[in-house]
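Here's the structure, in structure tokens; my notes come after.
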Amino acid sequence: MEVKIDSSWKEHLAGEFEKPYFSALTQFVKKEYADEPVYPAPGNIFRAFDLCPFEKVKVVVLGQDPYHGKGQANGLCFAVNEDTTLPPSLKNIFKEIESDIGPSSNKYENPTSTQKRSGDLSDWAKQGVLLLNATLTVRAHMAGSHQKRGWEEFTDAAVRALSAEREHIVFMLWGNYAKEKGAHIDRTKHLVLEAAHPSPFSAYNGFFGCKHFSKANEYLIANEQTPIDWI
């Protein structure tokens, strides 16, 4: 089956594209896009992979679903399209970065206002941050509508491939759903950072103050890799 995805990922996930579940998933997704408003735009379904080739992954952030509001989802977990209001979870991610690492005057009009910052996050992806949702598509205004259709099996395969074939990757697992997905990670080869989800409902239960961003960079530097410019 021909899938338009970065060539490095196509090589490592080739076997998945031939499995019955992926064929069924493809048919389901095609019908959904034909019949309903579905996000992200079709060309952005595999954007997380396209912006972050397999060999360049340094950090993996695991999300659950794309945003299901119009104009939000852009194919990267927790990210939104340029000039889109920041969702609460992303605001909290930026707040933690400010607390952990500090603001940058060239990207903040007001260092205390995360609303001034772009939520696109493609700059992270291009530095080696794989912003991966467990489910890569969603029907408009219906959170979880494309779960248990095969996407989870596909993204589990991506995590397993990184765990098995790479070394010294930082995996950031926020919330119980991401922690469960982390079962596929070899923790003797990689750094796994766990915390509460950045949602306003849970951020004060362990996300704020987790210092994952500085911890990730310390680990990357210790393993002779360039740190991520989170700011």
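Can you give the alpha-carbon Rg of the stretch 155-221 over 2.2 N^0.38 Å, where N counts its residues? List each step's numbers first, then the result.
Values: Rg = 12.4 Å, N = 67, 2.2 N^0.38 = 10.9 Å.
So the Cα radius of gyration is 1.14 times the expected 2.2 N^0.38 Å.
Calculate the dipole size of the chain relative to its Cα centre from +1 charges on Lys and Arg beta carbons and -1 charges on Asp and Glu beta carbons; express the result in debye to the nearest 20.
Numbers: 26 positive and 30 negative charges, 69 e Å.
Here the size comes out at about 340 debye.
Taking Cα centroids, how far is the stretch 72-99 from the stretch 144-185 in Å? For the stretch 72-99 versus the stretch 144-185, the Cα centre distance is 20 Å.
Counting only protein heavy atoms and a 1.4 Å probe, the chain has 46 square angstrom of accessible area per residue.
Is there a quick way to get the dipole size of the stretch 158-231? I mean about its Cα centre, with the Cβ of Lys and Arg at +1 and of Asp and Glu at -1; what is the value in debye to the nearest 20? Can you show the working numbers first?
Numbers: 8 positive and 8 negative charges, 42 e Å.
Result for the stretch 158-231 is approximately 200 debye, rounded to the nearest 20.
Note on the chain: with a GNM built from Cα contacts shorter than 10 Å, the maximum mean-square fluctuation among ALA48, ALA24, ALA140 falls on ALA24. Taking VAL170, VAL159, VAL59 as the candidate residues, the one with maximal mean-square fluctuation in a Gaussian network model of the chain, Cα springs under 10 Å, is VAL159.
Taking the DSSP beta bridges in the chain as the whole, what percent of them are antiparallel, to the nearest 5? Write down the numbers at each step before the final one.
Details: 2 of 16 bridges.
Around 10 percent of the beta bridges assigned by DSSP in the chain are antiparallel ones.
Between Rg and the Kirkwood Rh of the stretch 60-104, both from Cα atoms, what is the Rg to Rh ratio?
Details: Rg = 11.4 Å, Rh = 11.5 Å.
In the stretch 60-104, Rg relative to Rh is 0.99.
Can you give the Rg/Rh ratio of the chain, where Rg is from the C-alpha atoms and Rh is the Kirkwood radius? Reported Rg/Rh, Kirkwood definition of Rh: 0.95. Spin-label pair GLU11-GLU82: with each label point 7 Å from Cα along the Cα-Cβ axis, the two points sit 3.1 nm from one another.
Residues whose amide H lies under 5 Å from that of LEU130, counting only those 5 or more places away or on a different chain, are LYS58, VAL59, VAL60, VAL61; hydrogens are built 1.01 Å from N in the peptide plane.
Expressed in Å, the radius of gyration and Dmax of the Cα atoms of the stretch 17-101 are 15.3, 46.
In the chain, the DSSP-assigned H stretches of four residues or longer account for a calculated mean residue ellipticity at 222 nm of -10500 deg cm²/dmol, using -39500 (n - 2.57) per stretch and the full residue count as denominator. Here the accessible area of the chain is 50 percent carbon and sulfur, with a 1.4 angstrom probe and all protein chains present. Ellipsoid fit via the Cα gyration tensor, the stretch 112-228: semi-axes of 23, 21, 15 Å, each the root of five times an eigenvalue, largest first.
The values are calculated or read from the model by the stated rules, or taken from the named source; none is laboratory data. Values in this document were obtained by computation on a predicted structure and should not be read as measured data. Cβ: placed from backbone, ideal geometry, glycine included. Neighbour counts: every protein chain shown. Keep in mind that these areas ignore ligands, DNA and RNA; they rest on the heavy atoms of the full protein, side chains included. Shrake-Rupley method; radii C 1.70, N 1.55, O 1.52, S 1.80 Å.
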